[in-house]
Structures are given as C-alpha cells and as structure tokens.
Amino acid sequence: MLIMRGARINVMNRGDDTPLHLAASHGHRDILAKLIQCKADTNAANEHGNTPLHYACFWAHNLVAEDLVNNGAQVSICNKYGETPLDKAKPQLAANLKELAEKQGQSLTKVPFKDTFWKGTTRTRPRNGTLNKQAGIDYKQLSMLAKINENHSGELWQGRWQGTEIVVKMLHVRDWTTRKSRDFNEEYPKLRIFSHPNVLPMLGACQSPPAPHPIIITHWMPYGSLYNVLHEGTNFVVDQTQAVKFALDIACGMAFLHTLEPMIPRHSLNSKSVMIDEDMTARISMADVKFSFQCPGRMYSPAWVAPEALQKKPEEINRRSADMWSFAVLLWELVTREVPFADLSNMEIGMKSEQPAL
Ligand code: ATP
Ligand code: MN
C-alpha cells in the first residue's frame, strides 16, 4: 500500500538502511520480491558498509540470500570491516551463493569498502527527497551503442551506464547560453523521481563536451512506448486484461504526479510518453518532460491535449483537469487500438480544437 501511494523504494533511515536491508534482515521474502520488482538497489550499503545480502547471510535467511544474488546482489562487497556477505554466511550457504554468483558471471574479487558507495546509485536520502545533489553524471562513463532516433528535439541513443541498459537523449538546442545551461541544471533534478513504480525516472544528466550539449539518460525499455506497443508492435498482443492493467498503471502514476506540489511543469500525458517495462508495467516517462528552453509554445502531441490547454496560457490551465482529458484519450486509444485523430495533421488538430464543437 505504501508503494502504491508513492513511498520511495530506496529511502534510508539514519543508519543508511534501505527497506531492502530490513526485509532481508527479517527474512520477509515476499516483501523483498516486491521491493526488487520496484527496482530496489540490491547493493545498497548502510553506514557499516553492509548490504542487504550481508544481513540475509548473517541471519541465515537462505532463500532470501539466493533471491538477492539472483537479482544482482554481489557476494564480494566488503563492509567497513573488510567482511563480505560470504564471510557472514555458514559454510553451506556460502558455498551455494558462491556457485550462484559464479554462474551469473560475478567476479569474486573483493570490492573494497568505499564511503561513497551510494553515489550514483538510485538511492535517495530522505533529507533532500527527490532532489538528489548527486544527479550529475560523468559523461566519460556513458557508452553510446547505437542511434535509435533523430528528430526536432534531438538524438536518441541506446547505451550503457554503470552496468545498466539506458537510453541517452542528446537535446538539440539553438544558442546554448549560460542562462539555458543554468535552467537545465535547475530543471532536470526534479525529474529524478524514483519513488513510484509507474513513473520512469530520468536517471541523470550532464552537458557533454566539446560544444556543450545537454544530455539526459533514462532506463532502456525493451518494448518502447505504449504508442509503439499499441500501434506498431508485433511482439505481442495487448488483450483486454492487459489494456485495463495499462490504464490502471497510468492512473496510479498520474495520481502520484498529481500529489506533487508544485506539479512537474511541461509534462504532457500521451501514449508516446508512457513507456512499457519488461514486466509489462506502464510507466510515465520523465525523460519526455520538456525543458523550458525546448521550443516554448510548441505542442508536441496535440491529439492528447485538452482543448483549453491548446488555447489558454499555461498559467490559466487547470493541469489536473487537462490531464483527465489526456487520460480519456488514452483510454479511447486502449479500447479502439487506434491512433487518435489519425487522419489529421498536428496543425489541423490544433485548429479544430479552437472550434466549439470538436
Ligand atoms: P520527443 O522527442 O518529443 O520525445 P519522440 O518520443 O517521438 O519525440 P524520442 O523520445 O526520441 O522521440 O523516441 C523515439 C523512439 O525511441 C520512440 O518511438 C521509442 O520507441 C524509443 N524510445 C524512447 N525512449 C525509450 C526508452 N526509454 N527505452 C526504449 N526505447 C525508447
Ligand atoms: Mn519521447
């Protein structure tokens, strides 16, 4: 219930324990699975340098320890005292885990304790909420593998960062000024929302050399967007049950975004900005929120935009009501499996909505 209501998955207490540490210590295997499903950081280290696996091993919660290793927990991370999880386990468990880890291609070389281990992970400290000061990423750590798209707003690349499959969005901006650079640095940290399963966070950002290019990264979603799945997908069929599940996922994500005060500016709901995760969860993409310097005034996907939002100034619009309209268009799309206003150009859609009878 807490997760549904937007509790942060990787939140820490004063001892830097995450919920996963507690679930692992107490052997709550079902909760552990739920947290992992919500992308809890399996290698989070607390103030002692202990990871959840250290505790599962120490308390001999063998199945929990195996679940952790099967989900990326490393058996060779040292705590402050130089002990790995395997050092904490009884011999039989240690042997099993070692075998599991080797099967997964884990290196068994000890990873020395680092005080800043949590940096660059997806954990957030309660004190600064969603605004993590460590949001900046090192451009040199990004590997770009293939370009997947290029359009008016920029280039999209598939890549890797810190062992994670990601997409890199390089934004095209005319006249990159210090003013725009400052706006970028102020705006992107607000998009790093890790606390809701139906919101896809922007992982981090940087400005790439030599000519500064603003860059943002987000998780790679194997099925692409809801638009891809509904209108271009050949991988699988969205049956009625799945369509309803998508609608509920989107509603939960939007309900969470509507609790934010202030709300995220320049976010618009449409099927291109909803991504489908590998477990078929729909997630509202923060990487698709526009920055203040990205063609202000331009409507990107007008077919989903409420008529009043196409006509009035941003400050005159009730965003929550306008989102209801967009959600209704999405519901129509999920039921009919058709592209809304497919026969009209973006320009025509914008014009039509100015007439009273849309
Ligand atoms: P805009 O630039 O206004 O967001 P867009 O959504 O059409 O327009 P991109 O965001 O560059 O353009 O996305 C292009 C394509 O790349 C999409 O159709 C989508 O399938 C894919 N894509 C976008 N984000 C991801 C992601 N996180 N994981 C996997 N594929 C993605
Ligand atoms: Mn997009």
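The values are calculated or read from the model by the stated rules, or taken from the named source; none is laboratory data. Quick caveat, the model's predicted, so the values are computed rather than measured. Counting neighbours? That spans all protein chains shown, and the Cβs are built from the backbone with ideal geometry, glycine included. Note: areas computed on protein heavy atoms with side chains; ligands, DNA, RNA excluded. Shrake-Rupley method; radii C 1.70, N 1.55, O 1.52, S 1.80 Å.
Of note:
- Taking the chain and dividing mean pair separation by its residue count, relative contact order in percent (alpha carbons under 8 Å, at least six apart): 12
- Surface per residue (accessible, 1.4 Å probe) for the chain, Å²: 52
- Atom-type composition of the exposed protein surface of the range 262-333 places 59 percent of the accessible area on carbon and sulfur (1.4 angstrom probe).
- Helical content of the chain, expressed as a calculated mean residue ellipticity at 222 nm, amounts to -9000 deg cm²/dmol (DSSP H runs of 4 or more residues, -39,500 (n - 2.57) each, divided by residue number, nearest 500).
- Each other residue within a Cβ distance under 15 Å of Met275 adds +1 if Lys or Arg and -1 if Asp or Glu, for a net charge of -2.
- Partner lysines for Lys98 [C-alpha distance under 19 Å; skip if fewer than 8 residues away on the same chain]: Lys88, Lys90, Lys110
- For Ile3, nonlocal amide neighbours, meaning residues 5 or more places apart or on other chains whose placed amide H falls under 5 Å from its own, do not occur.
- Heavy-atom accessible surface of Glu338, to the nearest 10 Å², is about 100 Å², with a 1.4 Å probe and all protein chains retained.
- Under the criterion of Cα pairs below 8 Å and six or more residues apart, the relative contact order for the range 231-358 equals 26 percent.
- Inter-site label distance for Val339 and Ala7 at 7 Å from Cα along Cβ, in nm: 4.3
- In a reduced charge model with +1 at each Lys and Arg Cβ and -1 at each Asp and Glu Cβ, the chain shows a dipole moment near 1000 debye about its Cα centre.
- Under a model in which nothing but the beta-carbon of Lys, Arg (+1) and Asp, Glu (-1) is charged, the range 207-328 shows a dipole of about 420 debye around its Cα centre.
- Once the Cα atoms are used to define both axes, helix 240-259 deviates from the longest principal axis of the chain by about 90 degrees.
- For Lys290, a cut-off of 20 angstrom between C-alpha atoms picks up these lysines, skipping any fewer than 8 places away in its own chain: Lys169, Lys180, Lys190, Lys272, Lys312, Lys313.
- HN-Hα J in Hz across the range 308-325 - Karplus 6.51, -1.76, 1.60, θ = phi - 60°, x for Gly and Pro: 5, 6, 7, 9, 8, 6, x, 6, 8, 9, 7, 4, 5, 5, 5, 5, 4, 4
- For Leu200, the residues whose amide H sits under 5 Å from its own are Ile284, Ser285, Met286, ignoring neighbours fewer than 5 places away on the same chain, with H placed 1.01 Å from N.
- Look at where the Cα atoms of the range 152-193 and of the range 57-120 average out, and the two centres are 34 Å apart.
- Taking 19 Å as the straight-line reach from the Cα of Lys39, the aspartates and glutamates in range (excluding those fewer than 8 positions away in the same chain) are Asp16, Asp17, Asp30, Glu66, Asp67, Glu165, Asp249, Asp277, Glu278, Asp279.
- Scalar couplings 3J(HN,Hα) for the range 285-292, obtained by applying the Karplus form with A = 6.51, B = -1.76, C = 1.60 to θ = phi - 60°, are 7, 6, 6, 9, 6, 7, 8, 4 Hz; x denotes Gly and Pro.
- C-alpha long axis of helix 91-103 to longest principal axis of the chain, angle in °: 40
- Phi-based couplings in Hz for the range 188-202 (Karplus 6.51, -1.76, 1.60; Gly and Pro marked x): 5, x, 6, 8, 8, 9, 9, 9, 9, x, 9, 10, 9, x, 7
- Residues with amide H under 5 Å from that of Val111, placed H, sequence gap 5 or more: Ile77, Cys78
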